[in-house]
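Enquirer: Sharing a structure below in structure tokens format, with a few things to ask.
The values are calculated or read from the model by the stated rules, or taken from the named source; none is laboratory data. Quick caveat, the model's predicted, so the values are computed rather than measured. Glycine gets a Cβ as well: all are built from the backbone with ideal geometry, and neighbour counts include every protein chain shown.
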Amino acid sequence: MFCFDPRFYDKQLKTYSIRKCGLIRTKFHLESVVEFRQKLQALGSGLLVAHEKPEDFIKKLMPASGVHTTVVFQQEVCDEERRVENALKENLLGSGKTPSSVDFVNLWGSTLHHIDDMPYDPVEYFPHIYGNFRKKGESVKVRELLPSPQKGQLPFLDAKSSSAIEKTA
């Protein structure tokens, strides 16, 4: 699933004093999402895309109650994105529409080096001078890429599930 968050793309929203994502970057995002969706479809899967705040859209997809649900997302480092993560958790855990238990699984994927591979805790200490950052990180190896999925390895929403989601959204 990918949400084009209006707070990042819509100029008329005053969340930030300027549009967070300019026209060229927006075009790149659109092209990337279209290509990603095509690649997933070629593997027999799909990509749900929305133009809505993730915390609002994902809440609509949640089952009414009594179903264990796992929400998997890419962990972010910037303040605005972390606020979206926190709003999603609050929205899902604080609503009557929430399953009896929700697990949140965050995956690291925003940087060249995995956060767990750094020789220091970036939350506790982060070098403010590039030379110090380079020296502390020169022994860190870049992790191997995960293998690309093959056709049939990814789940796919059938037409019945897709239409239910469209009605919800």
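Enquirer: Given (1) under 19 Å from residue 105 (Cα atoms); (2) modelled with pLDDT of 85 or more, where does residue 43 come up short, assuming only one miss?
Expert: (1)
Enquirer: Let me ask you something else. How many residues does the stretch 35-87 hold that are closer than 23 Å to residue 9 by Cβ, in contact (Cβ under 8 Å) with a residue 24 or more places away in the chain and either assigned to a helix (DSSP H, G or I) or among the charged types (D, E, K, R) (or both)? Write out each step before concluding.
Expert: Kept after step one, since they are closer than 23 Å to residue 9 by Cβ, are these residues of the stretch 35-87: 35-40, 46-61, 71, 73-87.
Narrowing further to those that are in contact (Cβ under 8 Å) with a residue 24 or more places away in the chain: 36, 40, 46-61, 71, 73-77, 80, 84, 87.
Checking which are either assigned to a helix (DSSP H, G or I) or among the charged types (D, E, K, R) (or both) leaves us with 36, 40, 52-61, 76, 80, 84, 87.
Qualifying residue count, the stretch 35-87: 16.
Enquirer: Another question, if that's okay. Condition first: surrounded by 15 or more Cβ atoms within 10 Å (Cβ to Cβ) and polar (S, T, N, Q). Now tell me which residues in the stretch 76-95 satisfy that.
Expert: Correct list: 91 only.
Enquirer: Here's something else I'd like to know. Pick from the stretch 113-161 the residues that are under 20 Å from the mean Cα position of the chain (by Cα) and under 18 Å from residue 61 (Cβ atoms): which of them is modelled with the lowest pLDDT?
Expert: Out of the qualifying residues, it is 157.
Enquirer: Applying the selection to the stretch 129-154, what residues are basic (Lys, Arg) and within 21 Å of residue 109 (Cβ to Cβ)?
Expert: 141, 143, listed by residue number.
Matching residues to (1) farther than 27 Å from residue 122 by Cα; (2) modelled with pLDDT of 85 or more; (3) of a type in the set (D, E, K, R):
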position	(1), (2), (3)
33	yes, yes, no
59	yes, yes, yes
79	no, no, yes
94	yes, no, no
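Enquirer: If I go through the stretch 45-81 residue by residue, how many of them are within 13 Å of the chain's Cα centre (by Cα) and among the β-branched types (Val, Ile, Thr)?
Expert: 5
Residue-wise test of (1) polar (S, T, N, Q); (2) in contact with a Leu (Cβ under 9 Å, 6 or more places away or on another chain); (3) loosely packed, with under 11 Cβ neighbours inside 10 Å.
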| residue | (1), (2), (3) |
| --- | --- |
| 21 | no, no, no |
| 26 | yes, no, no |
| 36 | no, yes, no |
| 68 | no, no, yes |
